[in-house]
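Below is one structure, written out as structure tokens; the observations come after it.
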Amino acid sequence: MALVKVLVANLFAGASFQKLEAGKVYEVDDAVAEKWIAAGKAEATKEKGVKLHFEVSPPSAPLTAETITLQAQLDDALLQIQQLQQAAAEKDVAHADALTAETKRADDAVAALAEATKKAK
């Protein structure tokens, strides 16, 4: 561990991005101290400093009845969305089939009209 005095006002450290105060002395890992000193963000010192702790977040709280209810509602909503998407896809296919049939009927009518026009000449 090395003692460093922070020289810049915008230095952050740790998983929680703890802001370090300029002019304050911190005790940090040697590798981190070397990087900060090389970058001109800190200088080595012999003064007593605050040990910089890197925190790890605690495990999440257990599920409550309210969270379980909300999750069930979300699951139901997701299922409903999936069903609606499937129904929309089926309707799209039905509409495409209907359009194809109407297009064929119109093409047949145009062909019949052309045939009738030929016979009339």
Quick count over the range 14-47, residues being acidic (D, E) and touching a helix residue (DSSP H, G or I) at 6+ places or on another chain (Cβ under 7 Å), is 1
Among residues of the range 55-72 being surrounded by 10 or more Cβ atoms within 10 Å (Cβ to Cβ) and not aliphatic (A, V, I, L, M), the residue modelled with the lowest pLDDT is T67
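The values are calculated or read from the model by the stated rules, or taken from the named source; none is laboratory data. Since this is a predicted model, take the numbers as computed values, not measurements. Neighbour counts are summed over all protein chains in view; Cβ atoms, including those assigned to glycine, are modelled from backbone coordinates with ideal geometry.
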